[in-house]
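One structure is given here, and the rest of the page talks about it.
The values are calculated or read from the model by the stated rules, or taken from the named source; none is laboratory data. It should be emphasised that the depicted structure is a prediction, and the values quoted were computed from it without experimental measurement. Cβ placement follows ideal geometry from the backbone for every residue including glycine, while neighbour counts extend to all protein chains displayed.
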Protein chains: 2
Amino acid sequence: MPVTIQDVARAAGVSVSTVSRAFTVPDLVKDETRQHVLQTAERLGYRPNRAARGLITGKTGNFGVIVPDLSNPFFPTVLKGVQARAREADYAVFLADCDENATEEIALVQAMAKQVDGVILCSSRMSPNQLERVVGTTSLVFINRQVRDHPTVLMGAAGGMRQAIDHLAALGHRRVAFLNGPKASWSNRERRRGLRQSARYDMEIVELGPFAPRFEGGPHAADLAIAEGVTAIIAFNDLLALGVMSRLADRGIAVPDEMSVVGFDDIPMAGMATPPLTTVAMQNERAGRAAVDLLVNLLTVSGAEAGDLRRELDCQLIVRASTSVPARS
Amino acid sequence: MPVTIQDVARAAGVSVSTVSRAFTVPDLVKDETRQHVLQTAERLGYRPNRAARGLITGKTGNFGVIVPDLSNPFFPTVLKGVQARAREADYAVFLADCDENATEEIALVQAMAKQVDGVILCSSRMSPNQLERVVGTTSLVFINRQVRDHPTVLMGAAGGMRQAIDHLAALGHRRVAFLNGPKASWSNRERRRGLRQSARYDMEIVELGPFAPRFEGGPHAADLAIAEGVTAIIAFNDLLALGVMSRLADRGIAVPDEMSVVGFDDIPMAGMATPPLTTVAMQNERAGRAAVDLLVNLLTVSGAEAGDLRRELDCQLIVRASTSVPARS
DNA sequence: TGAAACTCTGCAATCCTTTGCAGAGCCGGT
DNA sequence: ACCGGCTCTGCAAAGGATTGCAGAGTTTCA
């Protein structure tokens, strides 16, 4: 039923080698022949079987992407970038969701390994030890996680954090809470690092948490922050920030008049919240594309001259309505 | 570098056939031998090459999923279901995003065809004519789209619409607006159908639109609805509903006191809005799983006795704070 | 005119598995 | 002692493509 290279060869009156070459090394076959072959192929609707090709070339033409949780709105956007760029580069992409589970993540990498030329690990949950176990099974590129000797695209969270701090400082805030996400998470460490780098003599930071980086984590976090008497809150991510705003609304604390709130990620709903959330936008889709670029590069480059191992995308503070000057107490 | 069946055979001192059988038809090989082979394989870290296997069996062990737009929060959740269930059934999944573009969708199906045993089309944007072109290239299962002779999982939007209408009627609303999504969309037609089926003598429905089913479509829609003097609005989807609420807030119209708003989809941010949005929850993740089940079924069943062609999941109205009794004018 | 140098094409091996067929060894029955 | 029937294993073909090698035909140049 499916049309093979043999069918095309027969119909065109040439050998399979010629058909194959007409597609993969066009200059090796006479113009006239090539035209004829390509037309025949087109007419028959021939499409090469990538699995068969992969068997001999060792290249599958596929990538894998593993994300911790598809229902976290952060990931679909980077996924979108990965998918789009991969398609441009004529790769197909395998998707897997490891449910925030490092063990599962390992299993997925191993399961994919044979079917892909490389995999992109998004905010990998693996510990360094666990990483050891998968390194070498296939080519790896990381997003939002720095791993020695492996290409990585970073979201420059530290820079984003600086912008957030500067923004709040400019508004006049002098005592600000930072709500930690999961302590073990690389992202959280990065954001804290940015926080410390941006430390100012005229601003006091109180760290709270860790909290679950979800809407549900917000209320508890909000209550603690209020008790600390801060005038502004920077949350680990938007989901948490939205949860905080929801709690503030319930407690009758006006945002931004009585409390400023800053999120992180710029997920779609950040702009739709009331008030719209000031947040640090990461270039997710571009990060996805960059990851694919790094992977393609890693695969094509001669190996000796390693391409760039690291691409850093900068963040952008999006000032919306959830931040303003502190209330004069 | 990668370990093949040959390596295992050599190491275990048996033929490749035996190794192969030890995995695929265990009863054909003596217990003792099988143990030995499996242990050797394990020790060497052997994992069969699915491409090679597919070449001969004609089965790839892969599925494809095509969604119209990953950045629409509706899809990642069904994707999550697809992915999870596929993994349980030992399938890997190819993901593609067609950017709301039917032509691209066709191309994607065709590109995937050779590499998958079947593809799941989520809210396909193809016209019936275009569908003709891909039917037959591979096994197809649809989500949220009824296609003759093809397995389909439906979200029972009509039933959800009835619940929404009944809810508003019970609260005392007598004049309600429905904000249409894209006119050509199958989902929109389904929802309208539900609307008409639920028509009540004591309630007047005014249809508006079509509107872009996004947050940005909301303000325009809201203004029209207000001008119509309705006391409640049912939006094509949550994004639109959120956009409406945002506009109502801007115009100083209190939700739900002066206007009730109902959405559709129950996307994550629905529950986080202020006020939290009353909406119709679809069982996305279960729909994804069901689609995989149908596909597996379609592939394993003898062909003669076609399994079920249709699975309908019912919707559930989630009453939150955006609906209440109408203001007494 | 002949040889050298190209250009183009085909043959056959190869990639990794699965599977039909047949052979080897063993058992029980006559 | 022999034969039929099991159970277990190996040989070899097949699946769809790529590619090194060699051969056929053509051109170039001395």
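Does residue A:18 satisfy the condition of being near DNA strand C (Cβ under 8 Å from one of its atoms), surrounded by 13 or more Cβ atoms within 10 Å (Cβ to Cβ) and over 30 Å from residue B:53 (Cβ atoms)? Don't jump to the end; show me each part of the working.
On the way: near DNA strand C (Cβ under 8 Å from one of its atoms): yes; surrounded by 13 or more Cβ atoms within 10 Å (Cβ to Cβ): yes; over 30 Å from residue B:53 (Cβ atoms): no.
No: the conditions fail for residue A:18.
Specify the residue that is surrounded by the fewest Cβ atoms within 10 Å (Cβ to Cβ); the eligible residues are those in segment B:124-143 that are aliphatic (A, V, I, L, M) and over 19 Å from the mean Cα position of the chain (by Cα).
Checking each candidate, the answer is B:135.
For residue A:4, indicate whether it is away from DNA strand C (no atom under 12 Å from the Cβ) and either closer than 30 Å to residue A:240 by Cβ or at pLDDT 95 or above (or both). I'd like the intermediate steps shown before the answer.
Details: away from DNA strand C (no atom under 12 Å from the Cβ): yes; either closer than 30 Å to residue A:240 by Cβ or at pLDDT 95 or above (or both): no.
In short, no.
Pairs please, first residue from segment A:162-184 and within 19 Å of residue A:321 (Cβ to Cβ) and not assigned by TED's automatic domain parsing to the domain that holds residue A:205, second anywhere and modelled with pLDDT of 95 or more and of a type outside the set (Ser, Thr, Tyr), Cβ atoms under 9 Å, 6+ apart in sequence or on different chains.
none
Has segment A:26-48 got any residue that is away from chain B (no Cβ under 14 Å), more than 7 Å from DNA strand C (Cβ to nearest atom) and of a type in the set (Phe, Trp, Tyr)?
There is no residue in segment A:26-48 that is away from chain B (no Cβ under 14 Å), more than 7 Å from DNA strand C (Cβ to nearest atom) and of a type in the set (Phe, Trp, Tyr).
In segment A:77-92, what count of residues is obtained for those that are farther than 10 Å from residue A:288 by Cβ and away from DNA strand D (no atom under 16 Å from the Cβ)? Lay out the reasoning, then the answer.
Going through segment A:77-92, the residues farther than 10 Å from residue A:288 by Cβ turn out to be A:87-92.
Add one more test, that the residue is away from DNA strand D (no atom under 16 Å from the Cβ), and what stays is A:87-89.
Residues in segment A:77-92 being farther than 10 Å from residue A:288 by Cβ and away from DNA strand D (no atom under 16 Å from the Cβ): 3 in total.
State whether the residues of segment A:137-156 include one that is part of a helix (DSSP H, G or I) and touching a strand residue (DSSP E or B) at 6+ places or on another chain (Cβ under 7 Å). Quick ask: steps written out before the conclusion?
The first filter runs over segment A:137-156 and keeps only residues part of a helix (DSSP H, G or I), leaving none.
No; the residues of segment A:137-156 include none that is part of a helix (DSSP H, G or I) and touching a strand residue (DSSP E or B) at 6+ places or on another chain (Cβ under 7 Å).
Which condition from (1) assigned to a helix (DSSP H, G or I); (2) buried (at least 20 other Cβ atoms within 10 Å of the Cβ) is the one that residue A:107 breaks?
Status for residue A:107: all satisfied but (2).
Matching residues to (1) among the β-branched types (Val, Ile, Thr); (2) modelled with pLDDT of 95 or more; (3) exposed (fewer than 15 other Cβ atoms within 10 Å of the Cβ):
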position	(1), (2), (3)
B:22	no, no, no
B:32	no, no, yes
B:43	no, no, yes
B:53	no, no, no
B:56	yes, no, yes
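Would you confirm whether or not segment A:96-118 contains a residue that is touching a residue at least 60 places away in the same chain (Cβ under 8 Å), within 16 Å of DNA strand C (Cβ to nearest atom) and not aromatic (Phe, Trp, Tyr)?
So in segment A:96-118, the residues touching a residue at least 60 places away in the same chain (Cβ under 8 Å) come out as A:117-118.
Remaining after also requiring within 16 Å of DNA strand C (Cβ to nearest atom): A:117.
Adding the requirement that they be not aromatic (Phe, Trp, Tyr) leaves A:117.
Yes, segment A:96-118 contains a residue that is touching a residue at least 60 places away in the same chain (Cβ under 8 Å), within 16 Å of DNA strand C (Cβ to nearest atom) and not aromatic (Phe, Trp, Tyr).
Would you check if there is a residue in segment B:158-173 being more than 24 Å from residue B:316 (Cα to Cα) and surrounded by fewer than 23 Cβ atoms within 10 Å (Cβ to Cβ)? Even if it seems obvious, please write down each step before you answer.
We begin by selecting, within segment B:158-173, every residue more than 24 Å from residue B:316 (Cα to Cα); these are none.
No, segment B:158-173 contains no residue that is more than 24 Å from residue B:316 (Cα to Cα) and surrounded by fewer than 23 Cβ atoms within 10 Å (Cβ to Cβ).
Tally up the residues in segment B:260-299 that are buried (at least 24 other Cβ atoms within 10 Å of the Cβ) and part of a loop (DSSP other than H, G, I, E, B), please.
The total comes to 5.
May I ask you to say which residue of A:56, A:66, A:120, A:106 is within 27 Å of residue A:137 (Cα to Cα) and more than 23 Å from the chain's Cα centre (by Cα)? Lay out the reasoning, then the answer.
Details: A:66 fails: more than 23 Å from the chain's Cα centre (by Cα); A:120 fails: more than 23 Å from the chain's Cα centre (by Cα); A:106 fails: more than 23 Å from the chain's Cα centre (by Cα).
The conditions single out A:56.
Would you say residue B:71 is surrounded by 12 or more Cβ atoms within 10 Å (Cβ to Cβ), within 14 Å of chain A (Cβ to nearest Cβ) and free of Cβ contacts under 8 Å to residues at least 12 places away in the same chain? Outline the logic, then answer.
Details: surrounded by 12 or more Cβ atoms within 10 Å (Cβ to Cβ): yes; within 14 Å of chain A (Cβ to nearest Cβ): yes; free of Cβ contacts under 8 Å to residues at least 12 places away in the same chain: yes.
Here the answer is yes, as residue B:71 does meet what is asked.
Quickly run through segment B:192-247 and pick out the residues that are under 27 Å from residue A:271 (Cα atoms) and among the basic types (Lys, Arg).
Listed by number, the residues that qualify are B:214, B:247.
Counting just the residues of segment A:78-90 that are closer than 21 Å to residue A:283 by Cβ and either small (Gly, Ala, Ser) or outside any helix (DSSP H, G or I) (or both), which one comes out farthest from the chain's Cα centre (by Cα)?
Here is the first cut: in segment A:78-90, the residues closer than 21 Å to residue A:283 by Cβ are A:78-89.
Next cut, either small (Gly, Ala, Ser) or outside any helix (DSSP H, G or I) (or both) only: A:81, A:84, A:86, A:89.
On the way: A:81: 8, A:84: 13, A:86: 14, A:89: 18 Å.
Checking each candidate, the answer is A:89.
Tell me, which helices (runs of 4 or more DSSP H) lie completely within segment A:1-69 with 1 or more residues that are under 22 Å from residue B:60 (Cβ atoms) and near DNA strand D (Cβ under 9 Å from one of its atoms)? Talk me through it step by step, then tell me what you get.
On the way: elements: A:5-12, A:16-24, A:31-44, A:50-57.
Here the list reads A:5-12, A:16-24, A:50-57.
For segment A:107-142, give me each residue that is aliphatic (A, V, I, L, M) and out of contact with any Phe, Trp or Tyr (no Cβ under 8 Å at 6 or more places or on another chain). Don't jump to the end; show me each part of the working.
From segment A:107-142, those aliphatic (A, V, I, L, M) are A:107-109, A:111-113, A:116, A:119-121, A:126, A:131, A:134-135, A:140-141; that's our starting set.
Listed by number, the residues that qualify are A:107, A:108, A:109, A:111, A:113, A:126, A:131, A:134, A:135, A:140, A:141.
When you scan segment B:74-89, how many residues do you find that are over 16 Å from residue B:143 (Cβ atoms) and within 9 Å of another protein chain (Cβ to nearest Cβ)?
Of segment B:74-89, the ones over 16 Å from residue B:143 (Cβ atoms) are B:87-89.
The next check asks that each one be within 9 Å of another protein chain (Cβ to nearest Cβ); those that pass are B:87.
Matching residues across segment B:74-89 total 1.
What is the one condition in (1) more than 13 Å from chain B (Cβ to nearest Cβ); (2) within 11 Å of DNA strand C (Cβ to nearest atom) that residue A:56 does not satisfy?
(1)
Kindly indicate which of B:320, B:251, B:247 is within 16 Å of residue B:160 (Cα to Cα), of a type in the set (D, E, K, R) and over 21 Å from the mean Cα position of the chain (by Cα).
Checking each option against the conditions leaves just B:320.
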